[in-house]
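Trainee: My structure is below; once you've seen it, I'll send some questions.
The values are calculated or read from the model by the stated rules, or taken from the named source; none is laboratory data. What you see is a predicted model, and the numbers here were worked out from it, not measured in a lab. Cβ placement follows ideal geometry from the backbone for every residue including glycine, while neighbour counts extend to all protein chains displayed. Please note that ligands, DNA and RNA were not included when accessible areas were found on the heavy atoms of the full protein model with its side chains. Shrake-Rupley method; radii C 1.70, N 1.55, O 1.52, S 1.80 Å.
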Amino acid sequence: MKTFGKVGLFIAAAIFASVLFTQDAFAQRGRVSSRPSLEGDMSLTLGISTVSAAQDDINGAAKDTGANVKDMSSAWEFVGNWGYRISGSMYSFILRPSYFMQSADGGGYKYELSGYTIFPMMRIYALENYFIKFFFQTGVGYGQLNGSITAPSQTLDFKGGAFGAMGGIGVDFCFTDAHCLTVEGNLRYLPIERNLTTGGSCTNGSIPGISQCGGGSEVERNGSDLKTTMSGLQGLIGYTMNF
């Protein structure tokens, strides 16, 4: 429940809104088909989201310290969209960069992750009228995470990156042709299987839970690569301007 709590609120809002207005959208569909649904071809979106990114390896390493460190179970993400909709059609192309943040601390230990993703996506507006625009979207992209571990007497900086995919549903509630409230629920797959040391004073075994680090080497836990992730359920709420 803790992992999906924040995300569940966002996704529940998207599903509730979709169900609430779908019947009206069907009734209005014929009215929309006589003209383009938006006056402009482009849009910009700014939003905030949560992602149920459970960092199992880092959580395990934190437990090995014996300190009372809260699990990393969800992350915050700031999202921006640039969109281009083909005039008079249901198809839109989206370029989505985002900034990812996650941290946990306790007992003199601190674990931090921050990074970015960039996802080109295709969006299909399946149902819409003058107020609600219900869409599906999917795409592939890249993400990179920079991490740091601060122990009472040692530090470790590391990073890793990978390609991934995402898809989901969403709703634009447009109060005018130009101004909309956007709510989305997405599923993203973006595991990072390998992380490399980029700095810090860590040497092999000097931080409990980390068996290899330092000197640009791979970061390992119990003899295996330390994995991080940007995968998970994402709930997003944002503001969209069409022009």
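Trainee: Residue by residue through the range 61-78, note down the ones that are open to solvent by 10 Å² or more (accessible area, probe 1.4 Å) and of a type outside the set (D, E, K, R).
Mentor: T65, G66, A67, N68, V69, S73, S74, W76, F78
Trainee: Would you mind finding the one in G199, G215 that is without any contact (Cβ under 8 Å) to a residue 40 or more places away in the chain, farther than 30 Å from L181 by Cβ, out of contact with any His (no Cβ under 7 Å at 6 or more places or on another chain) and not charged (D, E, K, R)?
Mentor: Of the residues listed, the single one that is without any contact (Cβ under 8 Å) to a residue 40 or more places away in the chain, farther than 30 Å from L181 by Cβ, out of contact with any His (no Cβ under 7 Å at 6 or more places or on another chain) and not charged (D, E, K, R) is G215.
Trainee: Which of the residues that make up the range 87-117 are open to solvent by less than 70 Å² (accessible area, probe 1.4 Å) and outside any strand (DSSP E or B)?
Mentor: If the condition is that a residue be open to solvent by less than 70 Å² (accessible area, probe 1.4 Å) and outside any strand (DSSP E or B), then G88, S89, M90, G107, G108 are the ones that fit.
Trainee: Now, a different point. Determine the pairs where a residue that is on the phi < 0 side of the Ramachandran plot, located within the range 83-101, has a partner that is exposed (fewer than 14 other Cβ atoms within 10 Å of the Cβ) and of a type in the set (F, W, Y) with Cβ atoms under 6 Å apart, the partner being 6 or more residues away or on another chain.
Mentor: Correct list of pairs: L95/W82.
Trainee: Okay, moving on. Residue check, I192 against (1) open to solvent by less than 10 Å² (accessible area, probe 1.4 Å); (2) touching a residue at least 60 places away in the same chain (Cβ under 8 Å), all met but one. Which one?
Mentor: Failing condition for I192: (2).
Trainee: I want to confirm something. Restricting to the range 210-230 and keeping residues that are assigned to a loop (DSSP other than H, G, I, E, B) and at pLDDT 95 or above, which single residue is nearest to A151 (Cα to Cα)?
Mentor: Once the filter is applied, the top-ranked residue is I210.
Trainee: Among the residues of the range 135-186, write down those that are open to solvent by 60 Å² or more (accessible area, probe 1.4 Å) and either in contact with a Leu (Cβ under 6 Å, 6 or more places away or on another chain) or in contact (Cβ under 8 Å) with a residue 60 or more places away in the chain (or both).
Mentor: D177, H179
Trainee: If I ask for residues that are of a type in the set (D, E, K, R), more than 12 Å from Y239 (Cβ to Cβ) and outside any loop (DSSP other than H, G, I, E, B), which ones from the range 168-194 would you list?
Mentor: Within the range 168-194, E184, R188 meet the criteria.
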